[in-house]
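Novice: Sharing a structure below in structure tokens format, with a few things to ask.
The values are calculated or read from the model by the stated rules, or taken from the named source; none is laboratory data. What you are looking at is a predicted structure, and each value in this text was computed from that prediction instead of being measured. Reconstructed Cβ throughout: ideal geometry from the backbone, glycine too, with neighbour counts over all protein chains shown. Side chains are part of the model used for accessible areas, which takes the heavy atoms of the whole protein and leaves out ligands, DNA and RNA. Shrake-Rupley method; radii C 1.70, N 1.55, O 1.52, S 1.80 Å.
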Amino acid sequence: MKTDTEVDYGAYFMPQSKSGAGVLKELQPFSVKSIDKEHRRVRALASTGQLDRQEEIVLPTAFKRTLKEYLKNPVILAGHAHRLDDGRSPVVGKTVEAWIDREGLWIVVEFAPTELGAEYWALYENGYQRAFSVGFMGVKWTDEVRDGQHIRVFTEVELFEISCCAVPCNPGALVKSAAPVKSADRPSFVEQKK
């Protein structure tokens, strides 16, 4: 039996039914859109519907059913780790806001006042690291052929965690601005976790 630190998080669990239930996927990227230095927060966009490097699309609306459940334990992890090699927690922050609009799934991440949180905050604040990745289980999807390419389109997923990552799966996941996070910048539908 593998321990948490030995699990290959890039691997997939194959579907157990034609509906797609049972697939674990952890590579959908997020990218930083703005930075709030005073509160150690970044705003990021995810699941734009763009085809990723794994030949998959996670529709932004795929998170709608389970977003509230994720916000009950809104962890931001270091690279999908469930614990660090030295036994410490891999939590580097928390999601303080999340919402879905026509652009995709948005989050506001607040970095923890810990040594590890400060390390990751420095990477994002200074532009050395820009991406996030979601850990989820596929609930419903379709397999399609587009332009001769076989792809999987996730229409519903169960979101477990979001992780800081160095290389996003989605090639379009890039920093767009460094404006502060403002409440007026988001749509009216917002789930908040304090």
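Novice: Take the residues in the range 54-101 that are charged (D, E, K, R) and under 18 Å from Ser34 (Cβ atoms), then tell me which one is surrounded by the fewest Cβ atoms within 10 Å (Cβ to Cβ).
Specialist: Of everything passing the filter in the range 54-101, Asp101 is surrounded by the fewest Cβ atoms within 10 Å (Cβ to Cβ).
Novice: Does Pro113 meet the test of being modelled with pLDDT of 90 or more, open to solvent by 70 Å² or more (accessible area, probe 1.4 Å) and either of a type outside the set (Gly, Ala, Ser) or touching a His at 6+ places or on another chain (Cβ under 8 Å) (or both)?
Specialist: Against the criterion (modelled with pLDDT of 90 or more, open to solvent by 70 Å² or more (accessible area, probe 1.4 Å) and either of a type outside the set (Gly, Ala, Ser) or touching a His at 6+ places or on another chain (Cβ under 8 Å) (or both)), Pro113 qualifies.
Novice: Lys194 is checked against (1) surrounded by fewer than 15 Cβ atoms within 10 Å (Cβ to Cβ); (2) at pLDDT below 95; (3) over 28 Å from His82 (Cβ atoms); (4) of a type outside the set (A, V, I, L, M, F, W, C) and fails just one. What number does that condition carry?
Specialist: Result: Lys194 passes all but (3).
Novice: Related question: Taking the range 109-118, which residues are under 15 Å from the mean Cα position of the chain (by Cα) and not aliphatic (A, V, I, L, M)?
Specialist: Across the range 109-118, the qualifying residues are Glu110, Phe111.
Novice: Please go through the range 119-149 and give me each residue that is assigned to a strand (DSSP E or B) and more than 13 Å from the chain's Cα centre (by Cα), ordered by number.
Specialist: Gly138, Val139, Lys140, Trp141, Thr142, Asp143, Glu144, Val145, Arg146, Gln149
Novice: A further question on this structure: Among the listed residues Arg88, Arg102, identify the single one that is at pLDDT below 85 and more than 15 Å from Ser163 (Cα to Cα).
Specialist: Arg102
Novice: Can you list residue pairs whose Cβ atoms sit under 6 Å apart, with the first residue in the range 93-112 being under 12 Å from Gly49 (Cβ atoms) and the second being open to solvent by less than 10 Å² (accessible area, probe 1.4 Å)? Count only pairs 6 or more apart in sequence or on different chains.
Specialist: Hits for this filter: Gly104/Ala46; Gly104/Ser47; Leu105/Ala46; Leu105/Ser47; Leu105/Phe63.
Novice: Determine which member of the set Ala44, Ala62 is over 20 Å from Asp143 (Cα atoms) and modelled with pLDDT of 50 or more.
Specialist: Answer to the selection: Ala44.
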